[in-house]
Amino acid sequence: MAAAGAISVWISTSTPTKITAFNSIPRICYPLKLSRNGIYPLSTFERNGQYEQNLTIKAAASSSVGSAEYTEEPATKVKFQRSLSLPGCSTSLSLLGTGYREKIFAIIGVKVYAAGLYVNDSVFSSLDAWRGRSAADIQQDPSLFNKIFEADLEKSLLIVLVRDVDGKTFWDALDEAISPRIKSPTADDKSALSTFRGVFQGKPLKKETSIFLTWIDPNKMLVSLSFDGMPSSVDATIESPNVASALFDVFLGGDPVSPTLKASVAKGLEATLK
C-alpha cells in the first residue's frame, strides 16, 4: 500500500498565469495581486517582483483514492482493494473478508498484520447448499470452507504487515502453525516447506510489506512479496497438497490464527449467498 508523502510546492503571484522558476525550482504562478503593505503569511515573501509562498501539499495515499474500491479492516485501518489481479491467476479475485493477527507479548495483545481473503467469483456457484444460512452457521460449518478450498479455482490470502518483522520471525510463527497440521510429512512436504521458508529468510519485512499466498488449485500455491504495492512476479511455487491444505486450515479451519478474518469471511459469504 502506498504511503502518503509530502511535496514542497512554491506558489508565485503575478499578473499573468504561467509556470516559472527561480534558482531551478519550479513555481506555479497565478493571477493574484497582493498589496505590498498587506499582511502576508510568514512563508510569503517578494522576489524579483513576484510574491511567493511556500506550501506543503499532502500526497494522498493510493488507498484513499476511490474509496469505494477499497474495504478498510477496522482494527488496523489497512485498506484492501476489493478486486485483485495477481501473477499466475487466470482472472481477477474478489475480496470476501478481512481480519487481523494478534500476538500476545507479556499479556498485551499486539497486532502484527491485517489479512484479506480473495476468491474467484465462480466458487459461489458451488455453494448453493449454503444459501440463506447465517454467518454464525457458516462460520461453524467446516464443510463449506473445505468446499472452497477443494474448488479447482484460484483464491489468495493477502497479508499486510502493520509493524516491522524480521523475515525469520515471520516464517517461524507461520511454520509453528503449519507443521502441526501435517501429521506425517513426506519428502515433498519437507521440500515445499524449505522452499516456503526460503522466501522469508534474511529479509527484513517492513511495515506495509504485502505477502500474497495464492492457491492456484488444492495442490499448488504461489508466494509473492511486495514492498510497494502489487507484486510483479512470483517468488516461489509450493507444490504440496498437504502444505497447501495446512495453510488454508491455519486461517480458515477450526482453530484459525485470525478469528476476525474467519468471522468476516463468514459475513461475506452470508451476504453473497443470501
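The values are calculated or read from the model by the stated rules, or taken from the named source; none is laboratory data. Predicted model, so just to flag it, every value in this text is computed and none were measured. Here the Cβ positions follow ideal geometry from the backbone for every residue, glycine too, while neighbour counts run over all protein chains shown.
Things to note:
- A search for C-beta distances below 7 Å between a residue of segment 146-167 that is surrounded by fewer than 20 Cβ atoms within 10 Å (Cβ to Cβ) and any residue that is of a type in the set (Asp, Glu), counting only pairs 6+ apart in sequence or on different chains, returns Asp152/Asp217.
- Test for Ala236: is it surrounded by 21 or more Cβ atoms within 10 Å (Cβ to Cβ) and over 14 Å from Asp175 (Cβ atoms): no
- Segment 169-215, residues that are in contact (Cβ under 8 Å) with a residue 12 or more places away in the chain and surrounded by fewer than 16 Cβ atoms within 10 Å (Cβ to Cβ): Ala173, Asp175, Ser179, Thr186, Asp188, Ser191, Gly198, Gln201, Gly202, Pro204, Lys206, Lys207
- Restricting attention to segment 142-194 and to residues that are at pLDDT 95 or above and of a type in the set (Val, Ile, Thr), the residue that is nearest to Lys207 (Cα to Cα) turns out to be Val162.
- Of all the residues in segment 113-170, those that are part of a helix (DSSP H, G or I), farther than 23 Å from Asn242 by Cβ and of a type in the set (Val, Ile, Thr) number 2.
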